[in-house]
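Chemist: If you scroll down you'll find the structure; I have some questions about it.
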Amino acid sequence: MEAKVGASEDRFEPSYEWLREQRHDVLLVHLPAEFKDKEGLKVQISSFGGLKVSGDRRVNKKRLRFFREFPVWKDYETDEIQAEFEKGVLKITLPKKITKPPPADEEKGSTKASKNSRLNKFTKVVFGVAAAVVVAAGLTGFAYYTFTFTVIED
């Protein structure tokens with residue numbers, strides 16, 4: 001892209017802030033007074049999962065530009081991201097994915113071990129060690145049996 005003669009270009013880094021909320025997060029990008037409306041502003045999701053925010057505004061013989069990329073985590077609904085511009089602030093709303101809570105036990109007060117209890121973890125470790133011992137003993141016995149019957153006496 002060629003620059004026009006007499007036009008100067010100023011790149012700048014806009015200030016921004018994150019507002020964290022339970023159902024969504026909000027990114028506020030503060031732009032200079034030359035950005036009076038949404039013309040020239042872009043909000044896109046890149047193929048690598050980044051939120052690209054850019055702007056390009058011509059003021060007299062001057063051109064203002066900015067580009068900023070923010071990481072977008074997997075817990076956002078990227079298809080439902082919304083952006084609006086008002087009074088020099090670009091507000092981008094990123095709705096969070098709704099995760100279902102784990103099913104509650106039907107018997108509350110039950111003495112059953114939960115999937116993550118210490119007893120359950122200990123039991124898994126004990127059975128794992130016991131299985132390893134049985135396998136090792138079996139392989140040792142097989143090796144001894146094979147060795148004793150393959151030795152040829154003169």
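The values are calculated or read from the model by the stated rules, or taken from the named source; none is laboratory data. Computed from a predicted model, the values in this text were never measured in an experiment. We place every Cβ from the backbone using ideal geometry, glycine too, and count neighbours over all the protein chains shown. For the accessible areas, the whole protein counts, side chains as well, though only heavy atoms, and no ligand, DNA or RNA atoms are used. Shrake-Rupley method; radii C 1.70, N 1.55, O 1.52, S 1.80 Å.
Chemist: Of all residues in region 39-60, which are in a loop (DSSP other than H, G, I, E, B) and at pLDDT 85 or above? I'd like the intermediate steps shown before the answer.
Modeler: Initially, region 39-60 is screened for residues in a loop (DSSP other than H, G, I, E, B), giving 39-40, 46-49, 60.
Once the filter is applied, which keeps residues that are in a loop (DSSP other than H, G, I, E, B) and at pLDDT 85 or above, region 39-60 yields Glu39, Gly40.
Chemist: What are the residues in region 58-77 that are surrounded by fewer than 11 Cβ atoms within 10 Å (Cβ to Cβ) and either touching a Phe, Trp or Tyr at 6+ places or on another chain (Cβ under 8 Å) or touching a residue at least 40 places away in the same chain (Cβ under 8 Å) (or both), if any?
Modeler: Lys61, the sole residue that qualifies.
Chemist: Right, something else. Looking at Asp10 and the list (1) open to solvent by less than 60 Å² (accessible area, probe 1.4 Å); (2) under 26 Å from Asp79 (Cβ atoms); (3) of a type outside the set (A, V, I, L, M); (4) modelled with pLDDT under 85, which single condition is not satisfied?
Modeler: Looking at each condition in turn, Asp10 falls short on (2).
Chemist: Starting from residues that are touching a Leu at 6+ places or on another chain (Cβ under 8 Å), at pLDDT 80 or above and part of a loop (DSSP other than H, G, I, E, B), keep the ones in region 78-118 and report whichever is least open to solvent (accessible area, probe 1.4 Å).
Modeler: This residue is Gly88.
Chemist: Which residues, counting only those in region 36-92, are among the hydroxyl-bearing types (Ser, Thr, Tyr) and over 20 Å from Glu21 (Cα atoms)?
Modeler: Ser46, Ser47, Ser54, listed by residue number.
Chemist: For Phe35, which of the numbered conditions (1) open to solvent by 40 Å² or more (accessible area, probe 1.4 Å); (2) modelled with pLDDT under 90 fails to hold?
Modeler: Failing condition for Phe35: (1).
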